[in-house]
Amino acid sequence: MDDKAGEADEALDLDTADPAEIEAIADQAITTFNETVDRDTAELIVAKFTLDGTLDANVVGVDQQTLDATVKAFENRMTSECLAPVGLTLSDYLDCCDEADLPAIRSLVVRGDWKAIAEHAQRIRTALNNQGDE
């Protein structure tokens with residue numbers, strides 16, 4: 001193992017791991033990122049992610065497992081708080097989102113604006129229900 005900040009256990013299976021464990025890894029990684037990356041660099045990393053949805057573990061300063069766990073933690077939270085309550089999976093939600101809207105959605109995720117995402121998910125659910133009624 002290397003000494004990168006927030007390194008996760010290499011054996012962690014993100015599909016079967018306890019969501020609380022994944023969230024703890026993500027929380028530590030985010031804390032370390034906020035404490036060690038200067039604001040200008042952090043803003044560039046976030047801007048690139050918002051634009052194209054990509055993150056580079058080396059640029060962020062963590063190993064790939066930690067980055068994957070952090071992404072999974074955000075996906076888990078988005079699903080449990082915003083999508084599942086209206087009967088959507090992350091896949092359903094993304095399938096219904098316009099590609100042009102993805103940067104705005106990623107921006108909401110980065111800001112933790114779960115309310116706006118939940119409202120958007122509800123609009124998608126309503127549209128899907130209306131399509132089924134036709």
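Per-residue answers, yes or no, for (1) at pLDDT 95 or above; (2) polar (S, T, N, Q); (3) closer than 21 Å to LEU90 by Cα; (4) touching an Asp or Glu at 6+ places or on another chain (Cβ under 9 Å):
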site: ASP3; (1), (2), (3), (4): no, no, no, no
site: GLY6; (1), (2), (3), (4): no, no, no, yes
site: ASP13; (1), (2), (3), (4): no, no, yes, no
site: ILE22; (1), (2), (3), (4): no, no, yes, no
site: ASN34; (1), (2), (3), (4): no, yes, no, no
site: VAL60; (1), (2), (3), (4): no, no, no, no
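Looking only at the stretch 20-40, how many residues end up being surrounded by 14 or more Cβ atoms within 10 Å (Cβ to Cβ) and either in a loop (DSSP other than H, G, I, E, B) or not aromatic (Phe, Trp, Tyr) (or both)? Don't jump to the end; show me each part of the working.
Going through the stretch 20-40, the residues surrounded by 14 or more Cβ atoms within 10 Å (Cβ to Cβ) turn out to be 21-26, 28-30, 32-33, 37.
Filter again for either in a loop (DSSP other than H, G, I, E, B) or not aromatic (Phe, Trp, Tyr) (or both), leaving 21-26, 28-30, 32, 37.
Looking only at that region, the number is 11.
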- Can you spot a residue in the stretch 38-58 that is touching a residue at least 40 places away in the same chain (Cβ under 8 Å), among the aromatic types (Phe, Trp, Tyr) and out of contact with any Gly (no Cβ under 8 Å at 6 or more places or on another chain)? yes
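Residue under question is THR66, and the condition is that it be among the β-branched types (Val, Ile, Thr), touching an Asp or Glu at 6+ places or on another chain (Cβ under 7 Å) and touching a residue at least 40 places away in the same chain (Cβ under 8 Å); does it hold? Walk me through it before giving the result.
Numbers: among the β-branched types (Val, Ile, Thr): yes; touching an Asp or Glu at 6+ places or on another chain (Cβ under 7 Å): yes; touching a residue at least 40 places away in the same chain (Cβ under 8 Å): yes.
Against the criterion (among the β-branched types (Val, Ile, Thr), touching an Asp or Glu at 6+ places or on another chain (Cβ under 7 Å) and touching a residue at least 40 places away in the same chain (Cβ under 8 Å)), THR66 qualifies.
The values are calculated or read from the model by the stated rules, or taken from the named source; none is laboratory data. All values reported here derive from a predicted model rather than from experimental measurement. Glycine also receives a Cβ, built like all others from the backbone with ideal geometry; neighbour counts cover every protein chain displayed.
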